[in-house]
Amino acid sequence: MANQENGNGKDILIGAIVGGVIGAATALFLAPKAGQDLRKELNKQAVVVKNRTNQIGKDVYKKGTELADYAKEQSMVLTKALSEQTNQLRDKLNSGSDQENDTVQELKETGESKLDELKDEVEELLGSSENPQDLKETEEEDPKQEKVEA
């Protein structure tokens, strides 16, 4: 809102200057003066208008430069913030991947330990039975018993 008031103030100032110049020129043309005096007054007013126009141009250039610098500054701030947020998100995703890798590793180790336990049990069963054929017959009997019991 401050920018609008500042912009409106400039518009009013510019309007006043232009209006003053037009009024002065009109007064010169309507005033009863000799041609030479009129030309001198017009030249003076032209110099005044030229100087004011140059000043306004310099002010506009200065404000434009300030706005461009401000825009660059804000762009750098936003770029930095976005970069930081991107890095944080990347870190979170990478840490999530590390956690998943840890979980997979734990499951793998658990599976390997269970497999080792099963191997030990199988070796025990095979070691307790002198004839592996006896073990096979025992396994075949169990399903029959389950069917009968069912």
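Here, each number is a calculation from the coordinates, and none is a lab measurement. This structure is a prediction, so every number in the text was calculated from the model and none was measured. Please note: Cβ atoms are built from the backbone with ideal geometry, for glycine as well, and neighbour counts cover all protein chains shown.
Could you check the simple spin-label distance between GLN36 and SER83, using points 7 Å along Cα→Cβ, in nm with one decimal?
7.1 nm
Considering only DSSP states other than H, G, I, E and B, which trypsin sites (Lys or Arg not before Pro) in segment 23-75 qualify as loop sites with at most 14 other Cβ atoms within 10 Å?
Hits after loop and neighbour filter: LYS33.
Between their Cα atoms, which of LYS10/LYS72; LYS40/LYS63; LYS10/LYS62 are more than 23 Å away from each other?
Result: LYS10/LYS72; LYS40/LYS63 exceed 23 Å.
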